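The block underneath contains the structure these notes are about, expressed in structure tokens.
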Amino acid sequence: MTLLKSVISCAMGLTLSAGVASAEVDFSGQTITVVVPFGEGGGTSQVFGFFRPFLQEYLPGNPLVQLLNVPGGGSIRGANQFHNTQTPDGTYLLATSTSTIVNQAARNPLVEYDLTAYEPVVLLGAETHWFTSASVIDEPFDFAPILERPLALYALNSPSSADLFHVWTFHTLGIKGAKPIPGLSSSAGFQAFLRGELQISSHGTSNYLRQVQPGLESGEFKDLMSFGLIQEDGTVARMPYSPDTPTFPEQYERIHGTALAGDQLEAYRSINAIWNQASKAMFLPTGTPDDIVEVWRDAFRAILEDPDFIAQAAEQLGPTDVIIGDEARDIVASASILSDATITQLNEALAANNFTYRIE
């Protein structure tokens, strides 16, 4: 695995002075419980299940680490359970995915949890890529033929999930012919794309590298764009493993002749925080002592440098942007609390595509 440079710099650049202060924290003989608000075998379970043996090695006292799957309500049931049974002693954590953040950001009335109130341990980023077939465009990255099409179909699982960001993306680009087909998961949508039933498809980093890149190399598929990797200085970078693929802001400027700005730029940054930067995350409860928080963060820093982890992570995680420390808090806040202007944009995109669902 080639970890993104920002992973190493983030892990190494954070202060290590906490190591002395946290030396007295010891989990010997204890069991760590990580609440996973999804069913067994899902993406969040797989990711943090991969980290589990390494955490048992690098947490002081080598405690037993177990995942507690509490599915229901698109992660609401499990996250609420965590919120209402918090124990700030370092033995009880919450693992989240994009849908957990979306539920809070969309102001779902069933949500009792508040991600902004917890102590972020680690954020694991991902990327979203869009592509089409060689029968739709001749040259990669060329949206012109798609802009001219009366209809360009793509898959959408549910407008109340993170998939609503696809709707915003195409609406903001001004691709009027791009229409979602609801009820299709990412995998079912990709199969429909392969059958020629959909003209646009998308994948996250891992599936993009495994399932899409071979088609790009053969010429069967044509790349369109990625959502973009936000840097520490606020700029947006292309993905290192796909350096020729333009980002959403780049494609926006090509289509509209002006840079993404104002409310649209604000919405982009919030969506990026939800969709990409905090794709998977782990939190300690509110009020967890600082020395315990640092012990957990130090464990992840050590894992990132472990040769066995690096060797296995290529298959298990793919290229992943890892954020550890206080920077994660700002990202979680940006992801969990959407401005009124951003909500208005999302609702306008939903309305333009005839969905009745709205963020209230």
Notebook entry, point to check: Relative to a virtual label point 7 Å from the Cα of L68 in the Cα→beta-carbon direction, which members of segment 87-120 show backbone nitrogen distances below 12 Å?
Noted result: 87-88, 91-95
Notebook entry, point to check: Percent of accessible area on segment 311-360 owned by carbon and sulfur, 1.4 Å probe?
Noted result: 48 percent
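Restricting to Cα pairs below 8 Å that are 6+ residues apart, what does the relative contact order work out to for the chain? Please round to a whole percent.
Numbers: 651 pairs, mean separation 102.9, N = 360.
About 29 percent, as a whole number.
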Margin query: Counting only helical runs of four or more DSSP H residues, what would the 222 nm mean residue ellipticity of the chain come to if each run contributes -39,500 (n - 2.57) and the total is spread over all its residues?
Written below: -11500 deg cm²/dmol
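List the relative contact order of segment 121-215 as a percent without decimals, with contacts defined as Cα pairs under 8 Å and 6+ residues apart.
Working: 114 pairs, mean separation 35.7, N = 95.
In percent, rounded to a whole number, it is 38.
Given a Förster distance of 30 Å, report the FRET efficiency between S187 and A311 from their Cβ-Cβ distance, rounded to the nearest 0.05. Present the calculation step by step, with values, prior to reporting the outcome.
Values: r = 28 Å, r/R0 = 0.92.
The computed FRET efficiency comes out at 0.65.
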Next item on the list: Could you order T44, T286, T356 so the one with the most accessible surface comes first? Probe is 1.4 Å.
Entry: T356, T286, T44
Notebook entry, point to check: Ranked highest first by average number of other Cβ atoms within 10 Å, how do 180-192, 111-123 line up?
Noted result: 111-123, 180-192
Checklist line | Given [x] 127; [y] 137; [z] 159, the label whose value is volume of the Cα convex hull per residue in Å³ derived from this model | finding: [x]
Margin query: For Cα pairs less than 8 Å apart in space and 6+ apart in sequence, what is the mean separation divided by the residue count of segment 267-360, i.e. the relative contact order in percent?
Written below: 45 percent
Checklist line | Degrees separating the helix 290-304 axis from the principal Cα axis of the chain, which is the longest one | finding: 60 degrees
Next item on the list: Compute the accessible area per residue over segment 103-230, keeping the other protein chains in place, probe 1.4 Å, unit Å².
Entry: 38 Å²
Notebook entry, point to check: Hey, got the dipole for the chain? About the Cα centre, +1 on K and R Cβ, -1 on D and E Cβ, debye to the nearest 20?
Noted result: 1040 debye
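What ranking do 140-147, 201-208, 47-54 get when scored by the average of other Cβ atoms within 10 Å per residue, highest first?
Values: 140-147: 16.4, 201-208: 21.2, 47-54: 18.4.
Averaged packing, sorted descending, gives the order 201-208, 47-54, 140-147.
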Next item on the list: Could you pull out the trypsin sites (Lys or Arg not before Pro) across segment 188-232 that fall in loop regions by DSSP (anything but H, G, I, E, B) with no more than 14 other Cβ atoms inside 10 Å?
Entry: R195
Check: When the accessible area of segment 50-167 is split by element with a 1.4 Å probe, what percent falls to carbon and sulfur?
Finding: 51 percent
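Take peptides 344-352, 237-245, 124-132 and line them up by average Cβ neighbours within 10 Å, highest first, as a rough protection proxy.
Values: 344-352: 17.7, 237-245: 15.6, 124-132: 24.4.
Those peptides, ordered most packed to least, come out 124-132, 344-352, 237-245.
Rounded to the nearest 5, what % of DSSP beta bridges with both residues in the chain are antiparallel? Display every interim value, and only then the final one.
Values: 24 of 39 bridges.
Given both bridge residues lie in the chain, the antiparallel proportion sits at roughly 60 percent.
The values are calculated or read from the model by the stated rules, or taken from the named source; none is laboratory data. Just so it is clear, the structure is predicted and the values come from calculations on it, not from any experiment. A quick note on method: Cβ atoms are made from the backbone with ideal geometry, for glycine too, and the neighbour counts reach across all protein chains shown. Protein only, heavy atoms only, side chains kept; ligands, DNA and RNA dropped before computing areas. Shrake-Rupley method; radii C 1.70, N 1.55, O 1.52, S 1.80 Å.
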